[in-house]
Amino acid sequence: MPELPEVDAARVLLRRVAAGRTISRVWCARDPIVFEALPPRRFRQALLGRRVRGVGRHGKHLWLELDERPWPCFHFGMTGGFHAPRTQGVRLVSSGHRTEDAWPPRFVKLRLTFDDGGELAMSDARRLGRIRLRADPRSESPISELGFDALLGLPSLARFSALLAERSAPVKALLLDQGPISGLGNIYADEALHIAGIHPLRPGNSLSPEDLERLRTAVVQVLSIAIENGGTSLDDLAYLLPDGSEGENLDQLLVYGRADLPCGNCGTPIERIVIRARSSHFCPQCQPIAP
DNA sequence: AACGATCCCTGTTGGC
DNA sequence: TGCCAACAGGGATCGT
(Lines give C-alpha, C1' and ligand atoms only; values in the text may rest on other atoms or scores of the structure.)
Protein backbone atom coordinates (compact mmCIF):
# COMPACT_ATOMS: atom_id res chain seq x y z
CA MET A 1 0.00 0.00 0.00
CA PRO A 2 1.37 3.38 -0.84
CA GLU A 3 1.63 5.17 2.47
CA LEU A 4 3.64 8.25 3.36
CA PRO A 5 7.09 6.64 2.87
CA GLU A 6 6.18 5.24 -0.53
CA VAL A 7 4.66 8.53 -1.64
CA ASP A 8 7.81 10.26 -0.46
CA ALA A 9 9.88 7.90 -2.58
CA ALA A 10 7.75 9.00 -5.52
CA ARG A 11 8.34 12.64 -4.57
CA VAL A 12 12.08 12.07 -4.77
CA LEU A 13 11.71 10.41 -8.16
CA LEU A 14 9.58 13.24 -9.52
CA ARG A 15 12.01 15.83 -8.24
CA ARG A 16 14.91 14.07 -9.88
CA VAL A 17 13.24 13.60 -13.27
CA ALA A 18 11.00 16.66 -13.50
CA ALA A 19 12.29 19.55 -11.41
CA GLY A 20 13.67 22.36 -13.50
CA ARG A 21 12.44 20.79 -16.74
CA THR A 22 9.73 21.82 -19.15
CA ILE A 23 6.91 19.44 -20.02
CA SER A 24 7.08 18.83 -23.75
CA ARG A 25 4.54 16.04 -24.15
CA VAL A 26 1.48 14.86 -22.22
CA TRP A 27 -0.47 11.67 -22.75
CA CYS A 28 -3.63 10.88 -20.76
CA ALA A 29 -5.54 7.65 -20.50
CA ARG A 30 -9.28 7.82 -21.06
CA ASP A 31 -10.23 7.14 -17.48
CA PRO A 32 -12.99 9.33 -16.05
CA ILE A 33 -12.63 7.63 -12.68
CA VAL A 34 -8.96 8.33 -12.09
CA PHE A 35 -9.23 11.78 -13.69
CA GLU A 36 -12.57 12.50 -11.97
CA ALA A 37 -14.24 13.30 -15.29
CA LEU A 38 -11.66 15.99 -16.01
CA PRO A 39 -11.46 16.27 -19.81
CA PRO A 40 -8.08 15.02 -21.11
CA ARG A 41 -7.80 18.17 -23.23
CA ARG A 42 -8.01 20.37 -20.17
CA PHE A 43 -5.40 18.37 -18.33
CA ARG A 44 -3.01 18.40 -21.30
CA GLN A 45 -3.47 22.09 -21.76
CA ALA A 46 -2.63 22.82 -18.14
CA LEU A 47 0.66 20.91 -18.30
CA LEU A 48 1.98 21.32 -21.82
CA GLY A 49 4.87 23.75 -22.06
CA ARG A 50 4.95 24.36 -18.30
CA ARG A 51 8.14 24.38 -16.30
CA VAL A 52 8.27 22.26 -13.14
CA ARG A 53 9.47 24.35 -10.23
CA GLY A 54 9.15 21.74 -7.53
CA VAL A 55 7.28 18.82 -6.05
CA GLY A 56 4.94 19.02 -3.07
CA ARG A 57 3.68 16.35 -0.72
CA HIS A 58 1.25 16.28 2.19
CA GLY A 59 0.37 12.96 3.74
CA LYS A 60 -0.18 10.59 0.85
CA HIS A 61 -0.88 13.38 -1.64
CA LEU A 62 1.63 14.57 -4.20
CA TRP A 63 1.68 17.44 -6.68
CA LEU A 64 3.86 19.20 -9.21
CA GLU A 65 4.47 22.92 -8.72
CA LEU A 66 4.46 24.51 -12.16
CA ASP A 67 5.31 27.99 -13.36
CA GLU A 68 1.60 28.53 -13.99
CA ARG A 69 -1.52 27.29 -12.27
CA PRO A 70 -3.41 25.01 -11.95
CA TRP A 71 -1.07 22.25 -10.85
CA PRO A 72 -1.46 18.48 -11.27
CA CYS A 73 -2.16 16.57 -8.05
CA PHE A 74 -1.76 12.85 -7.56
CA HIS A 75 -3.09 10.31 -5.11
CA PHE A 76 -2.07 6.67 -5.41
CA GLY A 77 -5.03 4.96 -3.79
CA MET A 78 -4.09 1.34 -3.33
CA THR A 79 -2.16 0.51 -6.47
CA GLY A 80 -1.00 3.76 -8.00
CA GLY A 81 2.59 4.77 -8.50
CA PHE A 82 5.09 6.58 -10.67
CA HIS A 83 7.54 4.99 -13.02
CA ALA A 84 10.56 6.24 -14.90
CA PRO A 85 12.33 4.27 -17.60
CA ARG A 86 15.32 2.33 -16.40
CA THR A 87 17.47 3.93 -19.08
CA GLN A 88 17.51 7.05 -16.95
CA GLY A 89 19.07 5.16 -14.15
CA VAL A 90 16.09 5.79 -11.94
CA ARG A 91 12.98 3.78 -11.45
CA LEU A 92 10.11 3.61 -9.05
CA VAL A 93 7.47 0.98 -9.51
CA SER A 94 4.28 0.02 -7.80
CA SER A 95 1.27 -2.10 -8.69
CA GLY A 96 2.83 -5.48 -8.76
CA HIS A 97 5.04 -5.24 -11.77
CA ARG A 98 8.41 -4.92 -10.22
CA THR A 99 9.82 -7.67 -12.39
CA GLU A 100 8.53 -6.07 -15.57
CA ASP A 101 10.64 -3.63 -17.48
CA ALA A 102 7.93 -2.78 -19.96
CA TRP A 103 7.67 0.83 -21.04
CA PRO A 104 5.19 2.29 -20.79
CA PRO A 105 4.16 0.35 -17.70
CA ARG A 106 0.94 -1.67 -17.56
CA PHE A 107 -2.17 0.22 -16.44
CA VAL A 108 -0.60 3.51 -17.39
CA LYS A 109 -2.81 6.56 -16.76
CA LEU A 110 -0.45 9.41 -17.53
CA ARG A 111 2.78 9.91 -19.45
CA LEU A 112 4.93 13.01 -19.28
CA THR A 113 7.91 13.79 -21.48
CA PHE A 114 10.37 16.55 -20.61
CA ASP A 115 12.53 18.83 -22.70
CA ASP A 116 15.68 16.96 -21.70
CA GLY A 117 14.21 13.65 -22.89
CA GLY A 118 13.26 12.41 -19.44
CA GLU A 119 9.97 10.59 -18.97
CA LEU A 120 7.55 9.83 -16.17
CA ALA A 121 4.48 7.63 -16.10
CA MET A 122 1.81 7.09 -13.51
CA SER A 123 0.03 3.76 -13.42
CA ASP A 124 -2.88 2.49 -11.37
CA ALA A 125 -4.24 -1.03 -11.81
CA ARG A 126 -7.27 -0.83 -9.56
CA ARG A 127 -8.24 2.72 -10.34
CA LEU A 128 -8.52 3.88 -6.75
CA GLY A 129 -5.92 6.56 -7.41
CA ARG A 130 -6.79 10.09 -8.53
CA ILE A 131 -5.28 12.72 -10.81
CA ARG A 132 -6.62 16.26 -10.35
CA LEU A 133 -5.93 19.88 -11.20
CA ARG A 134 -5.82 22.45 -8.40
CA ALA A 135 -4.91 26.12 -8.43
CA ASP A 136 -3.60 25.88 -4.86
CA PRO A 137 -3.48 22.26 -3.68
CA ARG A 138 -2.90 22.97 -0.01
CA SER A 139 -5.91 25.21 0.32
CA GLU A 140 -8.35 23.13 -1.70
CA SER A 141 -10.09 19.81 -1.23
CA PRO A 142 -9.06 17.14 -0.64
CA ILE A 143 -5.65 18.21 0.68
CA SER A 144 -7.06 21.10 2.70
CA GLU A 145 -9.06 18.61 4.77
CA LEU A 146 -6.03 16.62 5.79
CA GLY A 147 -4.54 16.78 9.24
CA PHE A 148 -0.92 17.28 10.15
CA ASP A 149 1.61 15.50 8.01
CA ALA A 150 2.59 12.43 9.99
CA LEU A 151 6.27 12.98 9.40
CA LEU A 152 7.19 16.61 8.80
CA GLY A 153 4.29 18.38 10.41
CA LEU A 154 3.55 16.28 13.45
CA PRO A 155 2.36 18.69 16.12
CA SER A 156 3.43 19.06 19.70
CA LEU A 157 2.66 16.25 22.09
CA ALA A 158 -0.15 18.27 23.62
CA ARG A 159 -1.81 18.92 20.27
CA PHE A 160 -1.22 15.35 19.10
CA SER A 161 -2.76 14.02 22.30
CA ALA A 162 -5.80 16.25 22.02
CA LEU A 163 -6.48 15.05 18.50
CA LEU A 164 -6.73 11.43 19.63
CA ALA A 165 -7.78 11.65 23.24
CA GLU A 166 -11.04 13.44 22.48
CA ARG A 167 -12.29 10.65 20.28
CA SER A 168 -14.00 7.41 21.23
CA ALA A 169 -13.24 5.43 18.08
CA PRO A 170 -10.60 2.66 18.17
CA VAL A 171 -7.13 4.19 18.01
CA LYS A 172 -6.42 2.16 14.87
CA ALA A 173 -9.36 3.84 13.12
CA LEU A 174 -8.13 7.23 14.29
CA LEU A 175 -4.69 6.61 12.86
CA LEU A 176 -6.19 5.63 9.50
CA ASP A 177 -8.45 8.70 9.47
CA GLN A 178 -6.43 11.28 7.54
CA GLY A 179 -8.33 14.10 9.24
CA PRO A 180 -6.32 14.36 12.47
CA ILE A 181 -2.98 13.04 11.14
CA SER A 182 -2.27 12.26 7.50
CA GLY A 183 0.10 9.77 5.97
CA LEU A 184 -0.42 6.56 7.89
CA GLY A 185 -1.99 3.58 6.17
CA ASN A 186 -2.79 0.09 7.31
CA ILE A 187 0.78 -1.18 7.48
CA TYR A 188 2.45 1.62 9.41
CA ALA A 189 -0.53 2.15 11.68
CA ASP A 190 -0.22 -1.47 12.83
CA GLU A 191 3.55 -1.13 13.18
CA ALA A 192 3.34 2.07 15.19
CA LEU A 193 0.75 0.63 17.59
CA HIS A 194 2.93 -2.41 18.13
CA ILE A 195 6.02 -0.36 18.90
CA ALA A 196 3.98 1.78 21.28
CA GLY A 197 2.47 -1.31 22.94
CA ILE A 198 -1.10 -0.19 22.32
CA HIS A 199 -3.99 -2.48 21.39
CA PRO A 200 -5.60 -1.30 18.13
CA LEU A 201 -9.11 -1.52 19.58
CA ARG A 202 -8.45 0.81 22.50
CA PRO A 203 -10.60 3.91 22.25
CA GLY A 204 -8.65 7.10 21.67
CA ASN A 205 -10.01 8.58 24.88
CA SER A 206 -8.71 5.63 26.90
CA LEU A 207 -5.08 6.37 26.11
CA SER A 208 -2.92 7.66 28.92
CA PRO A 209 -0.50 10.57 28.43
CA GLU A 210 2.29 7.98 28.44
CA ASP A 211 0.50 5.93 25.78
CA LEU A 212 0.12 9.02 23.62
CA GLU A 213 3.75 10.00 23.99
CA ARG A 214 4.93 6.53 23.01
CA LEU A 215 2.53 6.50 20.08
CA ARG A 216 3.72 9.84 18.78
CA THR A 217 7.33 8.69 18.99
CA ALA A 218 6.48 5.38 17.32
CA VAL A 219 4.75 7.06 14.38
CA VAL A 220 7.82 9.18 13.62
CA GLN A 221 10.14 6.22 14.12
CA VAL A 222 8.21 3.86 11.86
CA LEU A 223 7.92 6.38 9.04
CA SER A 224 11.53 7.55 9.29
CA ILE A 225 12.90 4.03 9.15
CA ALA A 226 10.62 3.15 6.25
CA ILE A 227 11.82 6.16 4.27
CA GLU A 228 15.44 5.26 4.95
CA ASN A 229 14.74 1.78 3.70
CA GLY A 230 13.06 3.03 0.56
CA GLY A 231 9.54 2.01 1.47
CA THR A 232 7.94 -1.38 1.79
CA SER A 233 7.75 -4.03 -0.88
CA LEU A 234 4.88 -6.45 -0.61
CA ASP A 235 3.92 -9.38 -2.79
CA ASP A 236 1.80 -7.23 -5.03
CA LEU A 237 3.46 -3.90 -4.48
CA ALA A 238 7.04 -2.92 -4.96
CA TYR A 239 8.65 0.42 -4.39
CA LEU A 240 12.03 0.65 -5.94
CA LEU A 241 14.80 2.86 -4.71
CA PRO A 242 16.27 5.42 -7.10
CA ASP A 243 19.04 2.99 -8.00
CA GLY A 244 16.49 0.34 -8.94
CA SER A 245 16.80 -1.86 -5.89
CA GLU A 246 13.69 -2.87 -4.03
CA GLY A 247 12.50 -1.28 -0.86
CA GLU A 248 13.75 -3.38 1.99
CA ASN A 249 11.45 -2.30 4.76
CA LEU A 250 9.34 -5.44 4.43
CA ASP A 251 11.91 -7.32 6.49
CA GLN A 252 11.47 -4.75 9.22
CA LEU A 253 7.73 -5.26 9.70
CA LEU A 254 6.97 -6.54 13.17
CA VAL A 255 3.27 -7.40 12.95
CA TYR A 256 1.74 -6.54 9.58
CA GLY A 257 1.06 -9.69 7.58
CA ARG A 258 2.44 -11.87 10.38
CA ALA A 259 -0.79 -13.40 11.68
CA ASP A 260 -0.12 -16.58 13.70
CA LEU A 261 3.64 -16.02 13.54
CA PRO A 262 5.51 -15.45 16.79
CA CYS A 263 5.98 -11.91 18.08
CA GLY A 264 9.63 -10.90 17.91
CA ASN A 265 9.48 -9.60 21.47
CA CYS A 266 7.73 -12.39 23.36
CA GLY A 267 6.95 -15.26 20.99
CA THR A 268 3.19 -14.96 21.39
CA PRO A 269 1.38 -15.59 18.09
CA ILE A 270 0.40 -12.37 16.33
CA GLU A 271 -3.36 -11.96 16.08
CA ARG A 272 -5.33 -10.61 13.15
CA ILE A 273 -8.69 -8.91 13.59
CA VAL A 274 -10.76 -6.63 11.39
CA ILE A 275 -11.36 -2.99 12.34
CA ARG A 276 -13.33 -0.73 9.99
CA ALA A 277 -13.02 -3.32 7.21
CA ARG A 278 -9.21 -3.22 7.53
CA SER A 279 -7.03 -6.00 8.83
CA SER A 280 -5.29 -5.25 12.10
CA HIS A 281 -2.29 -7.18 13.35
CA PHE A 282 -1.07 -7.05 16.92
CA CYS A 283 0.57 -8.99 19.70
CA PRO A 284 -1.97 -9.72 22.46
CA GLN A 285 0.86 -9.91 25.00
CA CYS A 286 2.78 -6.74 24.11
CA GLN A 287 -0.39 -4.79 23.24
CA PRO A 288 -2.88 -5.59 25.99
CA ILE A 289 -6.44 -4.35 25.66
CA ALA A 290 -6.53 -3.47 29.36
CA PRO A 291 -3.91 -1.09 30.80
C1' DA B 1 -20.47 15.66 14.85
C1' DA B 2 -18.69 11.29 15.34
C1' DC B 3 -18.93 6.72 14.31
C1' DG B 4 -19.65 2.42 11.78
C1' DA B 5 -21.12 0.03 7.73
C1' DT B 6 -21.03 -0.35 2.88
C1' DC B 7 -19.40 0.52 -1.60
C1' DC B 8 -16.01 1.50 -5.19
C1' DC B 9 -12.38 -0.91 -8.09
C1' DT B 10 -9.89 -5.03 -10.22
C1' DG B 11 -5.46 -7.97 -10.25
C1' DT B 12 -4.17 -11.70 -7.74
C1' DT B 13 -4.74 -15.70 -5.05
C1' DG B 14 -6.28 -20.00 -3.41
C1' DG B 15 -9.53 -23.67 -3.27
C1' DC B 16 -11.80 -27.18 -5.84
C1' DT C 1 -5.58 -26.99 -15.92
C1' DG C 2 -9.28 -23.89 -15.53
C1' DC C 3 -12.77 -21.52 -13.20
C1' DC C 4 -14.35 -18.34 -9.79
C1' DA C 5 -15.25 -16.49 -5.24
C1' DA C 6 -12.66 -14.25 -1.91
C1' DC C 7 -9.36 -10.87 -0.73
C1' DA C 8 -6.71 -6.54 -0.54
C1' DG C 9 -7.43 -1.32 1.27
C1' DG C 10 -7.59 4.29 0.72
C1' DG C 11 -11.19 6.94 0.54
C1' DA C 12 -16.13 8.50 -0.32
C1' DT C 13 -20.72 8.17 1.07
C1' DC C 14 -24.65 7.18 3.73
C1' DG C 15 -27.40 6.08 7.76
C1' DT C 16 -27.66 6.48 12.68
Evaluation of A:ARG127 against (1) crowded, with 19+ Cβ neighbours inside 10 Å; (2) assigned to a loop (DSSP other than H, G, I, E, B) (one fails), failing number = (1)
For A:GLY118, indicate whether it is more than 30 Å from A:ILE23 (Cα to Cα) and surrounded by fewer than 22 Cβ atoms within 10 Å (Cβ to Cβ).
-> no
Here are some conditions: (1) surrounded by 15 or more Cβ atoms within 10 Å (Cβ to Cβ); (2) at pLDDT below 85. A:PRO203 meets all but one. Which one does it not meet?
-> (2)
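So which helices (runs of 4 or more DSSP H) are wholly in the range A:147-215 and hold at least 3 residues that are within 24 Å of A:TYR256 (Cα to Cα)? Full working, then the answer.
Details: elements: A:157-165, A:171-176, A:186-196.
Hits in the range A:147-215: A:171-176, A:186-196.
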Matching option when the condition is of a type in the set (A, V, I, L, M, F, W, C) and free of Cβ contacts under 8 Å to residues at least 60 places away in the same chain, among A:ALA10, A:ALA19 = A:ALA19
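Only one of these is away from DNA strand B (no atom under 16 Å from the Cβ) and not in a helix (DSSP H, G or I): A:VAL7, A:VAL34, A:VAL55, A:VAL17. Name it. Even if it seems obvious, please write down each step before you answer.
Values: A:VAL7 fails: not in a helix (DSSP H, G or I); A:VAL34 fails: away from DNA strand B (no atom under 16 Å from the Cβ); A:VAL17 fails: not in a helix (DSSP H, G or I).
From the options A:VAL7, A:VAL34, A:VAL55, A:VAL17, the qualifying one is A:VAL55.
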For residues that are crowded, with 20+ Cβ neighbours inside 10 Å and more than 16 Å from A:THR113 (Cα to Cα), tally how many sit in the range A:26-54.
-> 2
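The values are calculated or read from the model by the stated rules, or taken from the named source; none is laboratory data. As the structure is a prediction and not an experimental result, all values here were calculated from the model. Ideal geometry is used to build each Cβ from the backbone, glycine not excepted, and the neighbour counts take in all protein chains shown.
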